[in-house]
Amino acid sequence: MNVVYVYQGEWPKGATRVAKQVNALSRSGHRVDLVCRNYGRARRVERWGDGDITVRRLPAFPLRLLNRIANFPLFLNPVWVWAVWTVARRSHADVLIVADLPLAPTVFWVGRMLGIPVHYDMAEVYPEFLKTLWSVGHMSALDHVVRSPRAAALLERYIVRRVRSLSVVSEESRDRAIAIGAKSDRIVLVGNTPENVRMLSTPQPVPEELARLGGRPRAVFVGTIIADRGVTESVEALRDVVDEIPNAALVIVGDGPDRPRLLRTIERLRLRDHVLFLGWREHHTLTAFYQHADVGLLPFLDTPHVRITMANKLFDYMAAGLPVLGSDLPPIRRVLEETRAGLLFPPGDHRTQARRLVELFRDPVRRRVLGANGRQAVARKYSWKIDAAVLVERIEDLAGRRPGTPEAASLVGAGS
């Protein structure tokens, strides 16, 4: 089976979920062509990973502004339309997959014209994400034009009622999709569970960046630095923690648009010696940061988006045996109460967050119990092996092919 996967981002940065999906399809015997943007002017075509995966980036233009305009992920952008159309035809695609809403109409229209079924991976519930940006983020003048929550909601309703299949990351997101018109039998739940469970539980050496912290108690946050993630509030909580535990530290691994505000908060609270801000790191390097921390933070604010999505870092922390301290929001609450893998605090309440963090820092036995609970839950239920099987089965059903059948064998031979 030949699959074309359309990803609006800069591969492989920020593509944790997409990478897991293309890996799962490739390991099941299918060929994947991944179409992505090219802000960084990387190689247009390259092989990726160990399977039959080809990354096909959009053209790069010499002027930076022109390049960003040409690569901007908007469904009316002719560069994207041309790229998806061309790759779909040349690869003899059996299924088109699109991650997130901005390019979903492009892929849907190309699929309809070429007679190819389309699967929409609704990992980010885009209208709710935009509502969050408008409520807690910092929007530019251009955002008023291209990031309208109302326009996104209308577009989303159009798409979920027409695509042949869609996947969501949480039960809350599935309920919402049905409420706006998606047919329940077209929806599959494919969680943000970890792919590399064995690596997450295999002891790793202390990263060089953490060596200078010595044996100091430390919490870690890994992820995109945007306003709704609540990382600035965790820095404010750290101020109270340091009053109780003077050598406490916070390690932040990630980057994003809220970074300047976060750095200002660190300076204002005079916490430069207590916060280690490492920026973005390759996904395969993160295990060591989990293993050499005492608590994993999910300090999200209470926004419409966070209430229906599920952060993959929740399960990464759990797989690494790291106790979780998370905001008391529906998806996080449901998992932590079920698994007993961590503690909750009211979202945005940095004082309660600080008290819970102090409790965990001072109680190593409790940390070990919570961490062991999380690791067992991932091994038993929250595993990508289970979610990958759901995804692959759905995509194969869409194409009407399974590996090993005469149809599939002839197709692979024709595409090689």
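Number of residues in the range 315-342 that are buried (at least 20 other Cβ atoms within 10 Å of the Cβ) and free of Cβ contacts under 8 Å to residues at least 60 places away in the same chain equals 11. Scanning the range 161-190 for residues that are assigned to a loop (DSSP other than H, G, I, E, B) and over 15 Å from LEU101 (Cβ atoms) gives ARG164, SER170, LYS183, VAL190. Would you mind stating whether ALA388 is among the small types (Gly, Ala, Ser), closer than 30 Å to VAL118 by Cα and at pLDDT 95 or above? It is true that ALA388 is among the small types (Gly, Ala, Ser), closer than 30 Å to VAL118 by Cα and at pLDDT 95 or above. Of all residue pairs spaced 6 or more apart or on separate chains, those with beta-carbon atoms under 7 Å, a first member in the range 343-356 that is closer than 9 Å to SER234 by Cα and a second member that is modelled with pLDDT of 95 or more and of a type in the set (Ser, Thr, Tyr) are GLN353/SER234. Provide a single number: the residues in the range 197-237 that are touching a residue at least 40 places away in the same chain (Cβ under 8 Å), under 25 Å from LYS13 (Cβ atoms) and part of a helix (DSSP H, G or I). Residues flagged as touching a residue at least 40 places away in the same chain (Cβ under 8 Å), under 25 Å from LYS13 (Cβ atoms) and part of a helix (DSSP H, G or I) within the range 197-237 amount to 11.
Reported count of residues in the range 68-118, each being touching a strand residue (DSSP E or B) at 6+ places or on another chain (Cβ under 9 Å), on the phi > 0 side of the Ramachandran plot and modelled with pLDDT of 95 or more, is 1. The condition of being closer than 25 Å to VAL378 by Cα and either in contact (Cβ under 8 Å) with a residue 60 or more places away in the chain or under 16 Å from the mean Cα position of the chain (by Cα) (or both) holds for only one of ASP240, ASP294, ASP258, that being ASP294. Total residues in the range 273-307 satisfying the condition of being touching a Pro at 6+ places or on another chain (Cβ under 7 Å) and closer than 17 Å to ILE226 by Cβ: the figure is 4. Of the residues making up the range 314-339, just one is farther than 19 Å from SER167 by Cβ and within 13 Å of the chain's Cα centre (by Cα), namely ASP316. Specify the residue that is nearest to ALA153 (Cα to Cα); the eligible residues are those in the range 176-190 that are surrounded by fewer than 23 Cβ atoms within 10 Å (Cβ to Cβ) and in contact (Cβ under 8 Å) with a residue 60 or more places away in the chain. By that ranking, first place goes to ARG176. Selection of the range 243-255 for residues being free of Cβ contacts under 8 Å to residues at least 60 places away in the same chain and surrounded by fewer than 21 Cβ atoms within 10 Å (Cβ to Cβ) yields ASP243, PRO246, ASN247, ASP255.
Given VAL79, VAL22, which one is under 28 Å from ARG150 (Cβ atoms) and assigned to a helix (DSSP H, G or I)? Going through VAL79, VAL22 in turn, the sole match is VAL79. So is LEU166 assigned by TED's automatic domain parsing to the domain that holds ARG394, buried (at least 21 other Cβ atoms within 10 Å of the Cβ) and not small (Gly, Ala, Ser) or not? For LEU166, the condition - assigned by TED's automatic domain parsing to the domain that holds ARG394, buried (at least 21 other Cβ atoms within 10 Å of the Cβ) and not small (Gly, Ala, Ser) - is met. Residues in the range 276-286: is at least one assigned to a loop (DSSP other than H, G, I, E, B), farther than 19 Å from ARG367 by Cβ, assigned by TED's automatic domain parsing to the domain that holds VAL206 and at pLDDT 95 or above? No; the residues of the range 276-286 include none that is assigned to a loop (DSSP other than H, G, I, E, B), farther than 19 Å from ARG367 by Cβ, assigned by TED's automatic domain parsing to the domain that holds VAL206 and at pLDDT 95 or above. Can you find, within the range 20-49, the residue that is surrounded by the fewest Cβ atoms within 10 Å (Cβ to Cβ) among those that are of a type in the set (D, E, K, R) and in contact (Cβ under 8 Å) with a residue 12 or more places away in the chain? Only one residue fits best here, namely ARG43.
The values are calculated or read from the model by the stated rules, or taken from the named source; none is laboratory data. Remember, it's a predicted structure, so these values are computed and weren't measured experimentally. Note that each Cβ is placed from the backbone with ideal geometry, even for glycine, and that neighbours are counted across all protein chains shown.
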